[in-house]
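Okay, structure first, notes after.
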Amino acid sequence: MQYDNDLISGKLRRWEKYLLDYELPEWESIPDMGLYMEQVITLLKEYLDYLPPELKEEQFITATTINNYVRKKIIPQPIKKKYYRVHIAFLIIVCTLKHCLSIPTLQTMIPVDLSEEDLHAFYTSYAQRHRIASKYFIKQVKVVAAGILDRNSKADISTDSTEELVTTSAVVCGLARLLSEKLLLLGGKTLEDGESIEQPDNENDL
């Protein structure tokens with residue numbers, strides 16, 4: 001596939017500028033008066049505006065999707081068909097992570113039966129970490145795409161090829177997912193449970 005590096009460079013710089021200013025909504029700013037399904041979908045599209053237009057046009061969140069999340073107990077049941085702050089907070093977290101974590105992993109990370117107090121604390125921490133990680137991500141993209149962005153400072157991982165940027169991003173995404181899932185599986189375990197920290201003999205011992 002052929003890429004126009006000038007186009008890619010411009011898009012990367014534009015997305016960088018946007019992400020630097022982007023923040024997930026604070027807990028207190030999420031409506032808690034009870035919204036109907038279509039209102040929730042409209043609100044989520046506003047909150048997750050950092051998604052590329054091409055992805056948003058694919059309807060990343062629909063009424064069917066939300067109903068499935070409720071049925072599979074990924075988010076709490078609505079109250080008389082209305083969604084409150086707790087429901088929307090769950091949906092924000094799920095929608096921002098569903099492309100990189102499996103649903104069972106998400107359910108481990110954020111159980112549906114969390115109390116509102118615990119969810120408040122989790123969401124607030126998550127929104128802050130999302131902001132920090134976004135800034136770190138921007139820095140890493142600059143390193144990997146140094147050649148495309150005409151930056152003089154390059155590292156071993158840097159490339160001037162969009163194809164290699166795509167490949168590198170995909171590999172990093174896969175490794176990051178594996179790390180997240182491995183760490184979640186270790187929750188509540190100790191060395192006494194048989195977990196080894198010695199050098200593994202093969203990949204199955206990781």
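Taken together, the residues in segment 7-30 that are of a type in the set (Asp, Glu) and surrounded by 10 or more Cβ atoms within 10 Å (Cβ to Cβ) amount to 3. Does residue 103 satisfy being among the β-branched types (Val, Ile, Thr) and at pLDDT below 95? Considered against the rule, which asks whether it is among the β-branched types (Val, Ile, Thr) and at pLDDT below 95, residue 103 comes out as yes. In the set (1) in a helix (DSSP H, G or I); (2) among the charged types (D, E, K, R); (3) within 30 Å of residue 88 (Cβ to Cβ), residue 142 fails one condition alone, (3). Just for segment 115-147: of the residues that are touching a residue at least 60 places away in the same chain (Cβ under 8 Å) and farther than 18 Å from residue 18 by Cβ, which one is least open to solvent (accessible area, probe 1.4 Å)? The extreme case among them is 123. Kindly evaluate residue 74 against the criterion of being closer than 23 Å to residue 180 by Cα, open to solvent by less than 30 Å² (accessible area, probe 1.4 Å) and not basic (Lys, Arg). Criteria met by residue 74. Listed by first and then second residue, the pairs with beta-carbon distance under 7 Å, at least 6 apart or on different chains, first residue in segment 77-105 and farther than 15 Å from residue 48 by Cβ and open to solvent by 50 Å² or more (accessible area, probe 1.4 Å), second part of a loop (DSSP other than H, G, I, E, B) and of a type in the set (Asp, Glu), are 84/32. Does residue 133 count as out of contact with any helix residue (DSSP H, G or I) (no Cβ under 7 Å at 6 or more places or on another chain), aliphatic (A, V, I, L, M) and not in a loop (DSSP other than H, G, I, E, B)? Yes.
The values are calculated or read from the model by the stated rules, or taken from the named source; none is laboratory data. All values reported here derive from a predicted model rather than from experimental measurement. So basically every Cβ, Gly included, is an ideal-geometry build from the backbone, and we count neighbours across all protein chains shown. Areas reflect the complete protein model, heavy atoms only, side chains present, ligands, DNA and RNA absent. Shrake-Rupley method; radii C 1.70, N 1.55, O 1.52, S 1.80 Å.
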